[in-house]
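The values are calculated or read from the model by the stated rules, or taken from the named source; none is laboratory data. Keep in mind that this is a model prediction, so the values were computed, not measured. All Cβ positions, glycine included, derive from the backbone under ideal geometry; neighbour counts span all protein chains shown.
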Amino acid sequence: MNRNIYHGSKTIIRSPKFGTGWAYNDFGLGFYCCENPENAAEWAASRDSGGFISAYMLDCSGLRIIDLCSSQYSLLHWLYVLLMFREFDPSGRIRRAKEYISKEFSLDYQASDCIIGYRADNSNFALAADFLNGKISYELLRSLIAESSAGRQFVLKSNRAFERILYTGYETIRSSDYYPLSVSAELARMKKAKEARDDKGLYITQMIEEDIKSYDTRLR
């Protein structure tokens, strides 16, 4: 099965290389794309400049793809992978939450060829930190992340995946078309989180105390 995927950046990338990039991205070292070109455009745009959407076709036949957004996983599986690579404020509360999530929601992401998962942009990362610190509930975190304009990432992780990717072209994008939209969406999401009242939701402290497992239906 072929997938059309897109990468947004300041340069056109015709030949993605395995083993390059930044090891401390959301899901570690890999080539970060998405299946929605509008998301790629937002990723490429900054306050002062536009960028490019590089387009590809990926032959997914035989590839092991972990889709953290699917019903097979909960948002805590996404958090598990995020905690492996992104650095949160190392408070005692976050350390306890990380220990619990690592124990109950670990998965063998290292054996994957590709990972699909929500992008931890500035607002999504802040929301994840608020949840780990017990400031917002799981339900609120899940709803805000799911509706995030940051979208889902499709990340190539293995040499085998890089061998299957074919560059198909590029598009130039302007900052004025996309940057204001992404900023306003982030601010609106953070405002909603601050104003929300969800006392009946599941908080991380309760989840740890009850030792809630990954198969608990409240997490789906």
- Query: What number goes with the only condition from (1) closer than 30 Å to L63 by Cα; (2) in contact with an Asp or Glu (Cβ under 8 Å, 6 or more places away or on another chain); (3) surrounded by fewer than 20 Cβ atoms within 10 Å (Cβ to Cβ) that F162 does not pass?
  - Reply: (2)
- Note on the structure: The residue that is nearest to the chain's Cα centre (by Cα), considering only those in segment 157-203 that are polar (S, T, N, Q) and within 27 Å of I66 (Cβ to Cβ), is S182
- Item | Criterion violated by S106 - all others in (1) surrounded by fewer than 19 Cβ atoms within 10 Å (Cβ to Cβ); (2) at pLDDT below 95; (3) part of a loop (DSSP other than H, G, I, E, B) satisfied | (2)
- Message: So E99 passes all but one of these: (1) over 24 Å from I136 (Cβ atoms); (2) acidic (D, E); (3) assigned to a helix (DSSP H, G or I). Which condition number does it fail?
- Response: (1)
- Task: Return the total of residues in segment 52-70 being free of Cβ contacts under 8 Å to residues at least 60 places away in the same chain, aliphatic (A, V, I, L, M) and part of a loop (DSSP other than H, G, I, E, B).
- Result: 1
- Out of S148, S158, S175, S184, which single residue is free of Cβ contacts under 8 Å to residues at least 40 places away in the same chain and of a type outside the set (V, I, T)? S184
